[in-house]
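Asker: Here it is: the structure, laid out below.
The values are calculated or read from the model by the stated rules, or taken from the named source; none is laboratory data. The shown structure was predicted, so the numbers you read here are calculated from the model rather than taken from an experiment. Every residue, glycine among them, receives a Cβ derived from its backbone with ideal geometry; neighbour counts consider all protein chains shown. The protein model used for the area step is the full one, side chains on, heavy atoms only, and it has no ligands, DNA or RNA in it. Shrake-Rupley method; radii C 1.70, N 1.55, O 1.52, S 1.80 Å.
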Amino acid sequence: MPQPFMTFTSRCVPLNEENIDTDQIIPARFLKGTSRTGLRKNLFNDRRYQDDGTPNPAFVLNNPKYAGQILLSGDNFGCGSSREHAPWALTDYGFRAIIASSFADIFKNNALKNNLLPVALKPNEVKALFKAVEANPALEITIDLADQQVLTPQGTLMFDIDPFRKQCLLKGKDDIGYTLGHLNEIEAYEQTHQSTPVSLSLKSQ
Amino acid sequence: MNPHSSAKTLYQKIWDQHVVHPKGENPEGLPTILYIDRHLIHEVTSPQAFQGLRDRQLPLRHPEKIIATMDHSIPTIGKQPDGSLKFTDPQAEAQVNALSKNCQEFGITLHDLTSDYQGIIHVIAPELGAIHPGMTVVCGDSHTSTHGAFGALAHGIGTSEVEHVFATQCLLQNPSKSMEIRIDGKLASGVTAKDIILAVIAKIGVGGGTGYVFEYTGSAIQNMSMEGRMTVCNMSIEGGARAGLIAPDDITFAYLKDKPFSPKGAEWDKAVSFWKTLKTDPNAVYDKTIVLKAEEIEPMVTYGTNPGMAVGISQCIPPTNSDSELAEALNYMQLSPDTPIANTPIDVVFIGSCTNSRMEDLRIAAKLAKGHHVAENMRALVVPGSQEVKKQAEAEGLSQIFIDAGFEWREPGCSMCIAMNGDQLEPGQACASTSNRNFKGRQGQGGRTFLVSPPMAAAAAIKGYLTDIRYWNQN
């Protein structure tokens, strides 16, 4: 079971690009495992390491100026493949939140199920945060999920989140238990839809 | 979507028919519990979900609603006498073995490497007749949107949701907005379904469909084969939409007739009369509509590092102006702004993937390749989407045309679309590919991908550079 998501304060790692796809976050050749763990070393693998395996000094995760549990990025973060290995790799590395101006739908869903908070701010707010962090890499910001606020030295920024997902994160609950709480309704649905063409069982053929 | 209107879109109809528990009105805003009719699984995104069930000591609710196969990490060469393939990667082999073990433990029919129905999951499920209009379909793979071609609400999910469907046969969902993408008119000769979807994504951008379900309409879609419709819906996700839909019609019904899992006899008639109700009502309102004219679409090519960076083959690569993302993409692709995309040299050609590996794709590529030979130093692969496609292509003599023209003829799988199995580009190599993603390194670290249609890929293999197939017969 996941841990409750608590308010936290951290520095930010600025990845100032749009359309960061999940192939960049974790290249497909690292998806051959059968567990959710151990992916931190391959997070952003092909951008983080040079051909000889040494760290690429031009990539932000290798820049000693920056550290922290918050990744800052541009529009459409997490586009592409549905691989949940992307949030697994990000959390395994130590990130607890991604702030971006927008997120791809499947990535956002996957992140929320892995205690990784996708915080969508307005484009001008994200731009200002990039500017502030790049000017002062030691800058710390606070993410308060209960109040849906990002607290920065420049002011407080509000963000939206699906209310059900918010409660799941705050209480450390996942949704299988919730859905199984409606088992009688699932059974009732299956009774009434049994003979309709959309519910043909493969075994009955 | 407007829940108070009686006129509904196709999306609303399918949604409403699958509500197990409606959205809650309380402050927690509980999402809808939506029933899932068909679950497709493969080796890469399922093992952690099976383990999750074991950890929770939960049964798998409906193994008979699952179609399972192995496609992503399997080799496409090295056929053994028993029909299996020789693995050179022990980790991939262990992952595939885990799927076999999991399917056995939980009572799931697995179309493994020795099955006549093995292949890319999004190719075999339609071939089996397992996807019907009006169904909800999910898979731990973003290209599940393919099945929207049948008028099924189909989208990719993560592994946690795979586990959720295993345990409950449902998903927690909030409704998406709807976007009509209307393609009116007739495609020019040499222009395919792949060009339509690349033109759509170039128009709306890779994030343009975020939060939406697409519905493709218009005469160009109505006149399209099921293969073409699958190609279009397949890449909905590259425009940011989790799902794309096409209303079922006589072309859909003709495809489904007599497939192994299609309804038979009186059940068939009953099914068809229900399927005919699955279309957007005349007065229903989409949240957004975009329109493209089929006549204006050229054979498309991507020049950048996401599928939205695409132009017609007769066009120039756009100027970078102050767009740093584009400048970086062109730098990676070793291309210059304001120069024609045609004649760009190509090292490798890949014809395959869940986007373009079906019979229609191979027939049109073989037609171009017939009597020619691939360019000097060209590496060209044809990877059929399934065992059934492979068998049919061999029966029609297509495989021999490809082999005679210098293409490699492989076993079915995802292969160089995702490059997990050793089929990959070398750093710097340029590939004309019929797959769906041109992200940096997608087809191999440092590889450069140009997304194109099957005939454009075949022509590039023969010429050694990107060329406009509309002039092929004049060469």
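Asker: Suppose we keep just the alpha-carbon trace of segment B:8-75; what are its Rg and Dmax in angstrom?
Answerer: 16.2, 51
Asker: May I pose another question? Please report, in whole Å³, the volume per residue of the convex hull around the C-alpha atoms of chain B.
Answerer: 157
Asker: Now, a different point. Using a 1.4 Å probe on the protein heavy atoms only, what accessible surface does B:M235 show? Give it in Å² to the nearest 10.
Answerer: Probe radius 1.4 Å; accessible area of B:M235 about 0 Å².
Asker: How long are the semi-axes of the equivalent ellipsoid of segment B:114-159, taking √(5λ) for every eigenvalue λ of the Cα gyration tensor, in whole Å from largest down?
Answerer: The answer is 17, 14, 7 Å, longest axis first.
Asker: Can you tell me, using C-alpha contacts under 8 Å and at least 6 residues apart, the relative contact order of segment A:8-187 as a whole percent? Mind dumping the intermediate values first?
Answerer: Values: 312 pairs, mean separation 41.1, N = 180.
Worked out over segment A:8-187, it gives 23 percent.
Asker: If you don't mind, another one. Could you give the semi-axes, largest first, of the ellipsoid that matches segment B:336-430, computed as the square roots of 5 times the alpha carbon gyration tensor eigenvalues and rounded to whole Å?
Answerer: Working: eigenvalues 109, 55, 30 Å².
The three semi-axes for segment B:336-430 are 23, 17, 12 Å.
Asker: Can you tell me the dipole magnitude for segment B:70-188 around its Cα centre, using point charges on the Cβ only (Lys, Arg +1; Asp, Glu -1), in Debye to the nearest 20?
Answerer: The calculation lands at about 300 debye.
Asker: If you don't mind, another one. Determine ³J(HN,Hα), in whole Hz, for all residues of segment B:218-232 in sequence, where each value follows from phi through the Karplus function 6.51 cos²θ - 1.76 cosθ + 1.60 and θ = phi - 60°; x replaces Gly and Pro.
Answerer: With the stated coefficients, segment B:218-232 comes to x, 5, 5, 6, 4, 8, 8, 5, 4, 4, x, 4, 5, 4, 5 Hz.
Asker: Could you work out the relative contact order of chain B, using alpha carbon pairs under 8 angstrom and six or more residues apart, expressed as a whole percent?
Answerer: It comes to 17 percent, rounded to a whole number.
Asker: Moving on to the next point. Search the structure for amide H atoms under 5 Å from the amide H of B:E408, placed 1.01 Å from N in the peptide plane, and list their residues when 5 or more places away or on another chain.
Answerer: Here the answer is B:A380, B:L381, B:V382, since their amide H atoms fall under 5 Å of that of B:E408.
Asker: Which residues in segment B:94-135 have a backbone N closer than 14 Å to a point placed 7 Å from the Cα of B:W268 along the Cα-to-Cβ line?
Answerer: Those under the cut-off are B:129.
Asker: So what's the net charge close to A:E134: Lys and Arg +1, Asp and Glu -1, counting the other residues with Cβ under 14 Å from its Cβ?
Answerer: Net local charge, A:E134 excluded: +3.
Asker: In whole angstrom, note down how far apart the Cα centers of segment A:63-107 and segment B:100-172 are.
Answerer: 27
Asker: Accessible surface of B:T467 in the full protein assembly, 1.4 angstrom probe, to the nearest 10 Å²?
Answerer: 20
Asker: Using only Cα positions of chain A, each an equal point scatterer, no hydration layer, compute I(q)/I(0) via Debye at q = 0.12 Å⁻¹ and quote the log10 values to two decimals.
Answerer: For chain A, the Cα-only Debye profile gives -0.67.
Asker: Could you tell me the distance between the Cα centroids of segment B:10-77 and segment B:315-355, to the nearest Å?
Answerer: Their Cα centres are 37 Å away from one another.
Asker: Next question. Considering the alpha-carbon set of segment A:68-173 alone, what are its Rg and its Dmax in angstrom?
Answerer: Over segment A:68-173's Cα set, Rg and Dmax evaluate to 13.2, 38 Å.
Asker: Counting only protein heavy atoms, probe 1.4 Å: which residues of segment A:64-104 lose 10 Å² or more of accessible surface in the full assembly compared with their chain by itself?
Answerer: In segment A:64-104, residues shielded by partner chains: A:N76, A:C79, A:G80, A:S81, A:S82, A:R83, A:E84, A:H85, A:W88, A:F103.
Asker: I'd like the FRET efficiency for B:S189 and B:A395, computed as 1/(1 + (r/R0)^6) with the beta carbon distance as r and R0 of 30 Å, rounded to 0.05.
Answerer: E(calc), rounded to 0.05, equals 0.65.
Asker: log₁₀ I(q)/I(0) of the protein assembly as shown at q = 0.11 Å⁻¹, via Debye over equal Cα point scatterers, no solvent, to two decimals?
Answerer: Normalising to I(0) and taking log10 leaves -1.14.
Asker: Over the whole of A:180-193, what's the average partner chain Cβ count within 10 Å per residue? Rounded to a whole number, please.
Answerer: Across A:180-193, the average partner-chain Cβ count within 10 Å equals 4.
Asker: Taking the Cα centre of the protein assembly as shown as origin, work out the dipole magnitude from +1 charges on Lys and Arg Cβ and -1 charges on Asp and Glu Cβ, in debye rounded to 20.
Answerer: Working: 61 positive and 74 negative charges, 64 e Å.
Computed charge dipole of the protein assembly as shown: roughly 300 debye.
Asker: Between the DSSP loop rule and a limit of at most 15 other Cβ atoms within 10 Å, which trypsin sites (Lys or Arg not before Pro) in segment B:122-193 are left?
Answerer: Within segment B:122-193, the qualifying trypsin sites (Lys or Arg not before Pro) (loop, at most 15 other Cβ atoms within 10 Å) are B:K186.
Asker: Ordered by residue, what ³J(HN,Hα) values in Hz, to whole numbers, does segment A:32-44 give under the Karplus form 6.51 cos²θ - 1.76 cosθ + 1.60, where θ = phi - 60° and Gly and Pro are x?
Answerer: Residue by residue, segment A:32-44 yields 8, x, 10, 10, 8, 10, x, 9, 4, 5, 9, 4, 6 Hz.
Asker: Also: Show me the trypsin sites (Lys or Arg not before Pro) within segment B:328-401 that DSSP assigns to loop and that have at most 15 other Cβ atoms within 10 Å of their Cβ.
Answerer: Here the trypsin sites (Lys or Arg not before Pro) that fit, given the DSSP loop and packing criteria, are B:K370.
Asker: Next question, about the same structure. Determine the order of B:E163, A:E17, B:E394 by accessible area, beginning with the largest, at a probe radius of 1.4 Å.
Answerer: B:E394, A:E17, B:E163
Asker: With every protein chain in place, what's the accessible area of B:T88 (1.4 Å probe, Å², nearest 10)?
Answerer: Ignoring ligands and nucleic acids, B:T88 comes out at about 130 Å².
Asker: On the protein heavy atoms, probe 1.4 angstrom, tell me the percent of accessible surface of the protein assembly as shown carried by carbon and sulfur.
Answerer: 49
Asker: What is the distance in Å between the Cα centroid of segment B:179-193 and that of segment B:235-303?
Answerer: Centre-to-centre distance over Cα atoms comes out at 14 Å.
Asker: Take every DSSP beta bridge whose two residues both sit in the protein assembly as shown, then give the antiparallel share in percent to the nearest 5.
Answerer: Percent antiparallel among DSSP bridges in the protein assembly as shown is about 30.
Asker: Just by accessible area at a 1.4 angstrom probe, what is the order of A:E84, B:E295 from largest to smallest?
Answerer: Descending accessible area places them as B:E295, A:E84.
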